[in-house]
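These notes are about the structure you will find just below.
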Amino acid sequence: MAFRRALNVFDATMVVVGGIIGSGIFMLPSIVAQRLPSSGLVLLAWATGGAIALAGAFAFAELATLFPSAGGQYVYLREAYHPLVAFLFGWASLLMIQGGGLGAVAITFSQYTLRLIGREDVSVSVAAAIAIAVVAAVNVVGVKPGSRLLNVLVILKLGALAVLIGGGLLLRPAAPAPPVASPPSPAAGVSLLTFGTALVPILFAYGGWQSVNLLAEETNEPRRTLPRALMAGTAIVIAVYLLANVVYLSVLSRPGLAATATPAAAAVLRLFGPGADRLISAAIAVSAFGFLDLTLLAPTRIYYAMGLDGVFLPALGRLHPRFQTPALAIVLQALWGIVLVLTGTYGDLVDSVVFGDWIFFGLTVAAVFRFRRRFPVATRAPGAFRLPGHPLLPGLFVAAALLVVGGAIQSNPKRSAVGAALLLAGVPVYAYFAARKAKAGGPS
């Protein structure tokens, strides 16, 4: 049974934008401002993060034309290195990268939604678990319903950000800036590694462009559609993020931005006065719900590919006979996210996300070099997308990935150690399934 090809260029572009814009842009700019001493460096860091994300999107566009298969990044790692490397990526995605992110964003969605409807007496964890279950059900019944829901949510979150950006660029603040008693004072000199620590939250906020590659077999003409969606979606997000930070810095100042944990709400409060911060609360709730939808729409195709390869639970590699979706893979990710929110352990994994994610980002983009030797450009189909600036652009991306992993270790060595331990725990799991596959007569 094959996937249903239901996604067009617009759908795929919304997957890219929805995969990147979560709740990060509403809160993470304050952390960046705490780590850098000037507004100019803050904007430079966000522009640098955008350039890195665009370089990654270029690389993933080339890889998508070589392997337009469900599983995306998992397939690239398997073909470039060894099935163990691809398995560890899927293992990390399930337990940390997607699992921890799913739990954290479900909690964020529930907190803001319950506050908006005046039901703060309801358990946040229970509401988060219900939200995950609802989104999982939508995605089980078909890729198009999940995509349509995502399209609506992405447009709503872009609308809210447009109000924030338009107000910041066109209006004078309606309220005076609050005094900053003791703003954080980062050192005047900024080393490369310090700049790298500032890039950690930025690249977390930019992460997600690769989600559309996971849906290659559900996309119309993937060799044409995926590169267009990757370029357009990433460019939209870079513009939105830079303009949002210009507004934060102009309305709040760098010290004021560093001193608030909720920069979007603080900026809207200054621009539009009391009561307007409910707009941002609603925007964060919508954005978080969109991320839940995306997490259960795209990354679950990784576990489908693992099951199909026989290196994980084989049942994950089967499609639902009616809906043509990897229903069991969706249910597995949803159940793990529900366990994390009900036990309160998602936070321990979220801090490991950047560490694990960027190890595999670096390896994936480095695979471009291997595939250029294995599949020379001259032998590829006419018009096939090629990453511009090779070998400089992918080389700089791999260097940036190393810098980010180093920054993640420096800023949170304990959580990075947790991430490394969880990765290593996947080795015996892979060995078990590989041995079982070999015994059954399949290639290891």
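Coordinate-derived values only; no laboratory data. Values in this document were obtained by computation on a predicted structure and should not be read as measured data. Cβ coordinates were reconstructed from backbone atoms using ideal geometry, including for glycine residues, and neighbour counts include every protein chain displayed.
Placing +1 on the Cβ of every Lys and Arg and -1 on the Cβ of every Asp and Glu, with nothing else charged, gives the chain a dipole about its Cα centre of roughly 800 debye.
Considering all different alpha carbon pairs of region 39-99, the Kirkwood hydrodynamic radius works out to 13.4 Å. The long axis of helix 413-439 is offset from the longest Cα principal axis of the chain by roughly 20 degrees.
Comparing T108, A367, G344 along the charge dipole axis of the chain, the residue lying farthest to the positive side is A367, per the Cβ-charge model. Based on C-alpha pairs under 8 angstrom that are at least 6 apart in sequence, the chain has a relative contact order of 34 percent. Based on alpha carbons, the Rg and Dmax found for region 225-345 are 20.2, 57 Å. Near L43, once Lys and Arg are set to +1 and Asp and Glu to -1 for all other residues with Cβ below 14 Å from its Cβ, the sum equals +2.
Among L116, L43, L203, the residue with the largest mean-square fluctuation in a Gaussian network model of the chain, with springs joining Cα atoms closer than 10 Å, is L116.
In this calculation the C-beta distance from F375 to R4 is compared with R0 = 35 Å, giving a FRET efficiency of 0.75.
Taking the Cα centre of region 221-285 as origin and assigning +1 to Lys and Arg Cβ atoms and -1 to Asp and Glu Cβ atoms, the resulting dipole is close to 160 debye. Using only the C-alpha atoms, the convex hull of region 7-136 corresponds to 171 Å³ per residue.
The long axis of helix 192-206 is offset from the longest Cα principal axis of the chain by roughly 80 degrees. Database remark: amide H of L7 closer than 5 angstrom to the amide H of T219, N220 (H placed geometrically; neighbours at sequence offset of 5 or more, or on other chains; Pro and chain starts carry no H).
Most mobile of P314, P29, P201 per a Gaussian network model of the chain (Cα springs, under 10 Å)? Among P314, P29, P201, the largest mean-square fluctuation in the Gaussian network model of the chain belongs to P314. Note on L402 and V134: the extension gain reaches 92.7 nm, defined as 0.36 nm multiplied by sequence separation minus the Cα-Cα distance.
Once the mean of 1/r is taken over each pair of separate Cα atoms and inverted, the chain shows a Kirkwood hydrodynamic radius of 22.1 Å. Straight-line reach from K437: which aspartates and glutamates fall under 20 Å, measuring Cα to Cα and dropping same-chain residues less than 8 apart? Partners within reach: E79, D309.
The charge dipole of region 277-362, taken about its Cα centre with unit charges on the Cβ of Lys, Arg, Asp and Glu (plus for the first two, minus for the last two), comes to roughly 400 debye. To the nearest ten degrees, helix 222-252 and the longest principal axis of the Cα atoms of the chain are 20 degrees apart.
Cα gyration tensor of region 314-444, axes a ≥ b ≥ c as square roots of the eigenvalues: rounded (a/c below 1.5), prolate (a/b > b/c) or oblate? It comes out oblate by the Cα gyration axes. Distance between the 7 Å Cα→Cβ label points at A438 and A47: 5.3 nm. For the options M14, M96, M231, a Gaussian network treatment of the chain with springs between C-alpha atoms closer than 10 Å singles out M231 as fluctuating the most.
Summing +1 for each Lys or Arg and -1 for each Asp or Glu, what net charge is found among the other residues whose Cβ lies under 15 Å from the Cβ of L403?
0
Provide, for q = 0.24 Å⁻¹, the log10 of I(q)/I(0) from a solvent-free Debye sum over equal Cα point scatterers in region 242-302. Reported log10 I(q)/I(0), two decimals: -0.94. Legend: calculated FRET efficiency, A421 to E221, from the Cβ-Cβ distance at R0 = 35 Å, rounded to 0.05, equals 0.25.
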